[in-house]
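Nothing in this text is a laboratory measurement; each read-out follows from the coordinates by a stated rule. Please read all numbers here as calculations on a predicted model, not as lab measurements. Positions of Cβ are backbone-derived with ideal geometry, glycine not excepted, and every protein chain shown enters the neighbour counts.
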Amino acid sequence: MIKKTSTQLCTAMLALAMMVLAAFPSHAQSSHKSFDFFVGVDFGASDMNFVRQYDLLLGVKPGFKWNMGSYWELAGMTNITLLNQIAPEYSGFYNTMLVVSKQMKLGGLYGKVSAGLFDSERYGVDVKAFLPVADWFAFEAQAGLTGLCTFHGGLYFNEWMMSNMERFSGTIGGDIYLTRWNTQLRGTIGRYVYKDYGFECEAMRHFKHSTITLFGHWSNLGKTEAGFKIIAMIPPYHRKQHKVNIRPISNFRIQYYINGSQYSNKIYRTDPEENERDGWFSRDLLNWGSHTMEPDFTTNNKEENQ
């Protein structure tokens, strides 16, 4: 049952997550401490209306990342709608993400634990794992326990709705990386946010500052989907690193669906800048796949360039 609640619950959940994550050891080098403000653009177009050719979506998404060192991070993002003909009920000014996370390396296994408000109107806890077994092959897994948390496009932060945190979703699969062609093949099976199950296949070609992917999905909701994505890393590519930085968001994603559905094969993101090119982990922690290429962004900080 969905019920109204207060911001104290979210604050208590984040505090609890900090204590739980602190119990996990980390043998990796500490990451550079910094506080970043960034801004992204949300653009969408839908050809599902008989009245006009396209329904359009245009918005601004300011966010922040506080890297606290030792791969602890607090990140958030806010939605500011400028035009929304696709889903007018989600117009307005509201928070879309507030997540505390911890990355770690345990032997050959890389892990990331996150807690807070994710995208896709989910809140809860999430665990990600990545296990390279060769330069060209790795296993991956993700599992989360979440509930619904939606603002319904409200203008006030106390007008949000929350359900119990009892929805399990997760995926497991493998990745193949062909270094000679900078090409990555990925396949996963799983149970998704809307309780459907299915599989995903994806082929990614990584270029100097962009990635093009072809994908196919199937789920028991009866939907077979295909399409492509373009992930473009946003310049400037050389940046001065300070304790506090103001910059554009790291990437812009364009996604096109053939026979698409917003309810099948859906999984949430736990990082406002998460994308298929970079994966789940920091480049200076995990050196596999596209992270073996020349970095998209270089800085004047020696620690960031290692």
Percent relative contact order for segment 87-220, counting Cα pairs under 8 Å at least six residues apart, stands at 16 percent
Please list, by residue number, everything in segment 233-248 whose backbone N is under 20 Å from a paramagnetic label point 7 Å out along Cα→Cβ of Ile212.
233-235
Using a Förster radius of 41 Å, what is the FRET efficiency between Ser46 and Ser70 based on their Cβ-Cβ separation? Nearest 0.05, please.
0.45
Give, in nm to one decimal, the length gained when the segment between Ala143 and Val39 is fully stretched (0.36 nm per residue of separation minus the Cα-Cα distance).
34.6 nm
What list of ³J(HN,Hα) couplings, whole Hz, do you get for segment 112-128 from phi and the Karplus terms 6.51, -1.76, 1.60, once you set θ to phi - 60° and write x for glycine and proline?
9, 10, 10, 8, x, 9, 8, 7, 6, 6, 10, 9, x, 10, 8, 10, 10
Give me the number: length gained by fully extending Phe168 to Glu273, i.e. 0.36 nm times residue separation minus the C-alpha to C-alpha distance, one decimal in nm.
35.5 nm
If I model a spin label at Lys243 and Leu221 as a point 7 Å from the Cα along the Cα→Cβ vector, what separation in nanometres do I get?
4.7 nm
